[in-house]
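To start, the structure itself, in structure tokens.
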């Protein structure tokens, strides 16, 4: 156990993929982790089990995001788990997947994207403020989709652009409490959930060829960056968007 011993973290969307890796990584550094999940009971249980088998402490809280009462449901569980302790780390990892390009995405899909990817983290942070300790850490997940023109992810990229603007604004607002607010922008990251998509012939090679470090990302690559931002080593970093894409689409290889 290490740098985060004695601290408590809430990680949304921690039942699988990047969120799961973040929860396990923060626990490895000593944090007690509240594992939020929407519908994947078995995935959340797997996250808690992985933390406990490694000697850490974790609790799971179920709350579907993007629906009425989502934040209230989440924090009823969070406050029960905290039992009066402060919340030291908040990681907004939960997100709805890209729905489709302009002309394909329906109004309902568009509204759902913004409800989960923008509205939920905004009001989760607002609701967490009375619980957050002085010098707490807030980290939200963005995406390299905000700096790459990808017509198939227009609505998704818009939600992540909102997260980046929120990050900078809240860093200024919460700075007097020594609360840092940052975002991490992953690129193409292969997880157990999306792995099938990368099995399309030639896709992995194509994306790797556009990446400076010449491979797809893994959840642990992103989790390590989040753990840094949650640590004391990042006390002077706030209002920043850290690209954790391995250098995806930086420019042509000469």
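Which of the residues that make up region 40-69 are crowded, with 20+ Cβ neighbours inside 10 Å and under 19 Å from the mean Cα position of the chain (by Cα)?
Taking region 40-69 first, the residues crowded, with 20+ Cβ neighbours inside 10 Å are 43-44, 47-48, 51, 56, 58, 60-61, 63, 65.
Residues satisfying the conditions are 43, 44, 47, 48, 51, 58, 60, 61, 63, 65.
Are any residues in region 192-217 in a loop (DSSP other than H, G, I, E, B) and either touching a residue at least 60 places away in the same chain (Cβ under 8 Å) or closer than 30 Å to residue 174 by Cβ (or both), and if so, which ones? Write out each step before concluding.
Taking region 192-217 first, the residues in a loop (DSSP other than H, G, I, E, B) are 192-194, 200-202, 210, 212-216.
Residues satisfying the conditions are 192, 193, 194.
Working only within region 218-238, note down all residues that are crowded, with 17+ Cβ neighbours inside 10 Å and not in a helix (DSSP H, G or I).
Result: 231, 238.
Could you list, in sequence order, the residues of region 239-254 that are under 30 Å from residue 133 (Cβ atoms) and in a loop (DSSP other than H, G, I, E, B)? Step through it out loud before you land on a result.
Going through region 239-254, the residues under 30 Å from residue 133 (Cβ atoms) turn out to be 239-244.
Those that are under 30 Å from residue 133 (Cβ atoms) and in a loop (DSSP other than H, G, I, E, B): 239, 240.
Are there any pairs, at least 6 apart or on different chains, whose C-beta atoms fall under 7 Å, with the first in region 120-139 and within 20 Å of residue 83 (Cα to Cα) and the second surrounded by fewer than 16 Cβ atoms within 10 Å (Cβ to Cβ) and at pLDDT below 95, and if so, which?
Nothing qualifies.
So residue 87 fits all but one of (1) touching a strand residue (DSSP E or B) at 6+ places or on another chain (Cβ under 8 Å); (2) more than 19 Å from residue 227 (Cα to Cα); (3) touching a residue at least 60 places away in the same chain (Cβ under 8 Å); what number is the exception?
Result: residue 87 passes all but (2).
Of the residues 137, 107, only one is touching a strand residue (DSSP E or B) at 6+ places or on another chain (Cβ under 6 Å) and at pLDDT 95 or above; which? Spell out how you get there, then give the answer.
Values: 107 fails: touching a strand residue (DSSP E or B) at 6+ places or on another chain (Cβ under 6 Å).
That would be 137, the only listed residue that is touching a strand residue (DSSP E or B) at 6+ places or on another chain (Cβ under 6 Å) and at pLDDT 95 or above.
The values are calculated or read from the model by the stated rules, or taken from the named source; none is laboratory data. From a predicted model like this one, the values you see are computed outputs, not experimental measurements. Virtual Cβ from ideal backbone geometry, glycine too; neighbours counted across all protein chains shown.
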